[in-house]
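Below is the structure I would like to discuss, written out as structure tokens.
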Amino acid sequence: MVTLDRLVNVLGGYGARLWCCPVSREVALRDVVMHDAADARDLRGDVYLAVGTDSVAAAVDLATAARASVVLVRGSAPDPAAAERAERGGVAVLLVEPDVSWGQLAGVVYGLVLEGRETESGRGPTDLFALADSLADALGSAVTIEDRLSRVLAYSSRQHLADRARLETILGRRVPEPVRELFERRGVFEHLAESDEPLFVDADPEHGLTGRMVVAVRAGRELLGSIWVECDRPLTDARRAVLRDSSRTVGLHLLRSRASADLERQVESDLVIRLVEGTPDAAAVLSRLGLPPGRFRVIALQAHIGDERHAALLLAFERATTGFGWSRPGRSTLFSNTVYTVLPGDDVEAARAWVRSIREALPRQVTMLAGIGAGAASAELPASRLEADECLALHAVRPGTESAIAYDEAWDDILVQRLRAAAASGRAPARGPITELRRHDSANATSYVATLRAWLEAQGDLAEAAERLEVHPNTIRYRLRKMAEVTELRLDQPAKRLAMIIELAVSEPAP
């Protein structure tokens with residue numbers, strides 16, 4: 001059972017705030033209705049979504065007529081008359097921020113209320129596998145329910161005469177790529193995006209496909225997924241009607257699942273942010289997240305499709321947080337334009353394997369970049385997060401690097417990047433031997449800076465330095481003597497040599 005108190009607490013994270021509450025916050029909410037100006041019927045429900053109303057007072061009147069306990073309405077500064085009407089009607093008022101999507105909010109509300117109506121056993125009318133079994137019995141055919149990315153959400157236990165494509169889909173938990181490409185060529189996904197009518201997909205023996213009847217699953221206009229029925233010919237009109245009606249039931253279930261998952265993700269995200277930003281009660285936070293004590297690595301992910309920086313990132317976050325806590329190793333948060341995951345263990349290869357599992361679950365057109373921080377105790381997670389960010393940033397200076405960059409192998413590059421950042425902020429010396437040699441090279445077309453760098457990197461080995469520059473060793477000797485006339489190098493002092501190597505690394509990337 002969902003109470004008003006829970007609804008208020010959850011929707012607070014979605015941009016809705018309680019403004020007026022003349023009823024108990026423990027009142028039970030069992031039904032949801034949405035305002036529709038074109039619908040003349042008398043609506044009844046505990047939660048009233050006042051979509052499209054022009055004032056809070058009007059929304060309260062509509063909710064009172066519907067005998068609702070709470071009304072959701074857009075608004076920021078309602079007049080006192082609205083409060084008086086809410087008091088008289090016994091209607092709590094939740095004000096929704098102007099930039100909050102009604103579609104998102106409705107999905108959360110419907111999901112929470114439906115979740116409250118679920119049976120204690122969890123195998124009631126909102127259980128997706130039970131729905132698949134019921135639909136398979138009604139249609140006499142095997143059924144698969146998939147999300148909008150062709151990942152399997154549930155399937156019926158009926159396996160009689162199941163074809164190869166169905167078996168591979170269930171085993172792989174998603175439609176095989178060749179079959180998906182076949183559906184793409186035949187315009188199946190285009191149909192699902194535009195139509196609510198069931199579509200028959202002809203058999204294709206080459207792909208092990210007998211035939212399918214498919215229908216879209218929506219919440220309003222949003223495509224949530226699809227229902228697939230294995231059949232060798234189009235369903236009769238009566239069975240098509242059953243399939244069409246079932247799509248609405250599945251849509252409500254998916255909304256419930258989304259609301260529940262969103263709530264869990266929000267709680268998880270808040271706790272992970274506390275860990276990576278630093279908290280004195282890290283051990284308690286780890287316990288709440290279900291993570292064992294020990295060492296961890298922070299992983300930073302970014303994803304995009306072309307110039308689109310948001311949709312792909314949300315897909316990556318959804319994939320990182322899909323599944324029950326015990327069934328996935330890490331805990332994640334979406335902060336700004338980056339997904340951060342706290343992954344148990346100190347093994348860098350295990351961290352890379354986790355990154356690969358996320359990349360493989362995303363569509364092929366998604367570009368994903370990742371940085372892996374060094375192993376850290378719970379109190380050191382903020383440092384590991386910073387290292388993960390810096391490894392992620394290295395992709396910009398290592399174009400074409402697709403694999404995750406780990407701090408263990410890239411710490412030297414990160415050190416140089418930190419020094420370059422310091423130099424860019426004006427904290428590097430503005431004068432010295434390197435500056436004077438660079439000025440001389442510019443004025444006289446000499447190659448003293450490159451020569452000095454080659455000699456320093458070769459640790460004074462004239463033959464190696466000459467090989468790097470493709471000149472004779474005597475040329476290196478001659479240039480070193482001429483450099484000494486331009487500036488005071490003091491190459492016999494280790495501290496001077498180290499300082500010059502650092503300045504060259506910071507100011508001029510290695511060729």
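The values are calculated or read from the model by the stated rules, or taken from the named source; none is laboratory data. These figures come from a predicted structure and were not determined experimentally. Please note: Cβ atoms are built from the backbone with ideal geometry, for glycine as well, and neighbour counts cover all protein chains shown. Note: areas computed on protein heavy atoms with side chains; ligands, DNA, RNA excluded. Shrake-Rupley method; radii C 1.70, N 1.55, O 1.52, S 1.80 Å.
Please work out if residue 348 is closer than 21 Å to residue 277 by Cα and either of a type in the set (Gly, Ala, Ser) or surrounded by 15 or more Cβ atoms within 10 Å (Cβ to Cβ) (or both).
So residue 348 fails the test.
Next question. Quick check on my filter: what residues within the stretch 278-308 are of a type in the set (D, E, K, R) and over 22 Å from residue 264 (Cβ atoms)?
Hits for the stretch 278-308 are 295, 297, 307, 308.
Among the listed residues 441, 413, identify the single one that is under 30 Å from residue 358 (Cα atoms) and either assigned to a helix (DSSP H, G or I) or among the aliphatic types (A, V, I, L, M) (or both).
On inspection, the qualifying residue turns out to be 413.
Assuming residue 386 fulfils every condition listed in (1) over 20 Å from the mean Cα position of the chain (by Cα); (2) free of Cβ contacts under 8 Å to residues at least 24 places away in the same chain apart from one, which condition is it?
Looking at each condition in turn, residue 386 falls short on (1).
Return a yes/no flag: does the stretch 12-29 have any residue that is acidic (Asp, Glu), at pLDDT below 90 and open to solvent by less than 50 Å² (accessible area, probe 1.4 Å). Give the derivation first.
Looking only at the stretch 12-29, we keep the residues that are acidic (Asp, Glu), and these are 26.
Okay, now just the ones that are also at pLDDT below 90, so 26.
Checking which are open to solvent by less than 50 Å² (accessible area, probe 1.4 Å) leaves us with none.
So far as the stretch 12-29 goes, no, none of its residues is acidic (Asp, Glu), at pLDDT below 90 and open to solvent by less than 50 Å² (accessible area, probe 1.4 Å).
Quick one: count up the residues across the stretch 361-393 that are in a helix (DSSP H, G or I) and within 14 Å of residue 301 (Cβ to Cβ).
7
Also: Hey, any hits in the stretch 55-62 for a residue that's under 16 Å from residue 4 (Cβ atoms) and either assigned to a helix (DSSP H, G or I) or touching a Phe, Trp or Tyr at 6+ places or on another chain (Cβ under 6 Å) (or both)?
Yes, the stretch 55-62 has at least one match.
Return the pair list, or none, for Cβ contacts closer than 6 Å from residues in the stretch 463-489 that are open to solvent by 50 Å² or more (accessible area, probe 1.4 Å) to residues that are among the polar types (S, T, N, Q), at least 6 apart or on different chains.
Between residues of the stretch 463-489 that are open to solvent by 50 Å² or more (accessible area, probe 1.4 Å) and residues that are among the polar types (S, T, N, Q), the close pairs are 479/451.
Scan the stretch 202-220 residue by residue and report those that are more than 23 Å from residue 129 (Cβ to Cβ), without any contact (Cβ under 8 Å) to a residue 40 or more places away in the chain and in contact with a helix residue (DSSP H, G or I) (Cβ under 8 Å, 6 or more places away or on another chain).
Of everything in the stretch 202-220, just one residue is more than 23 Å from residue 129 (Cβ to Cβ), without any contact (Cβ under 8 Å) to a residue 40 or more places away in the chain and in contact with a helix residue (DSSP H, G or I) (Cβ under 8 Å, 6 or more places away or on another chain), namely 204.
Residue under question is residue 275, and the condition is that it be within 21 Å of residue 396 (Cβ to Cβ) and assigned to a helix (DSSP H, G or I); does it hold? Steps first, answer last, please.
Details: within 21 Å of residue 396 (Cβ to Cβ): no; assigned to a helix (DSSP H, G or I): yes.
It is false that residue 275 is within 21 Å of residue 396 (Cβ to Cβ) and assigned to a helix (DSSP H, G or I).
Residues to consider are 203, 219; find the one that is closer than 30 Å to residue 334 by Cα, hydrophobic (A, V, I, L, M, F, W, C) and either open to solvent by less than 70 Å² (accessible area, probe 1.4 Å) or within 27 Å of the chain's Cα centre (by Cα) (or both). Outline the logic, then answer.
Values: 203 fails: closer than 30 Å to residue 334 by Cα.
After ruling out the rest, the residue left standing is 219.
Considering only residues that are assigned to a helix (DSSP H, G or I) and in contact with a Cys (Cβ under 8 Å, 6 or more places away or on another chain), look in the stretch 395-410 and name the one that is nearest to residue 375 (Cα to Cα).
407
Between residues in the stretch 407-418 that are open to solvent by 60 Å² or more (accessible area, probe 1.4 Å) and residues that are assigned to a helix (DSSP H, G or I), which pairs lie under 6 Å by C-beta distance while being six or more apart or on different chains?
As it stands, the answer is 408/348, since those pairs meet every condition given.
Here is a yes/no grid of residues against (1) of a type outside the set (A, V, I, L, M); (2) surrounded by 18 or more Cβ atoms within 10 Å (Cβ to Cβ); (3) under 20 Å from the mean Cα position of the chain (by Cα):
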{"residue": "314", "(1), (2), (3)": "no, no, yes"}
{"residue": "319", "(1), (2), (3)": "yes, yes, yes"}
{"residue": "355", "(1), (2), (3)": "no, yes, yes"}
{"residue": "368", "(1), (2), (3)": "no, yes, yes"}
{"residue": "372", "(1), (2), (3)": "no, yes, yes"}
{"residue": "377", "(1), (2), (3)": "no, no, no"}
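Using the structure shown, decide if residue 403 is open to solvent by 50 Å² or more (accessible area, probe 1.4 Å), farther than 30 Å from residue 376 by Cβ, among the polar types (S, T, N, Q) and modelled with pLDDT under 90.
Answer is no for this residue.
Out of the residues in the stretch 73-88 that are in contact with a helix residue (DSSP H, G or I) (Cβ under 7 Å, 6 or more places away or on another chain) and among the small types (Gly, Ala, Ser), state the one that is modelled with the lowest pLDDT.
75
Do you know which residues across the stretch 133-178 are crowded, with 22+ Cβ neighbours inside 10 Å, β-branched (Val, Ile, Thr) and under 26 Å from residue 365 (Cα atoms)?
144, 145, 169, 175
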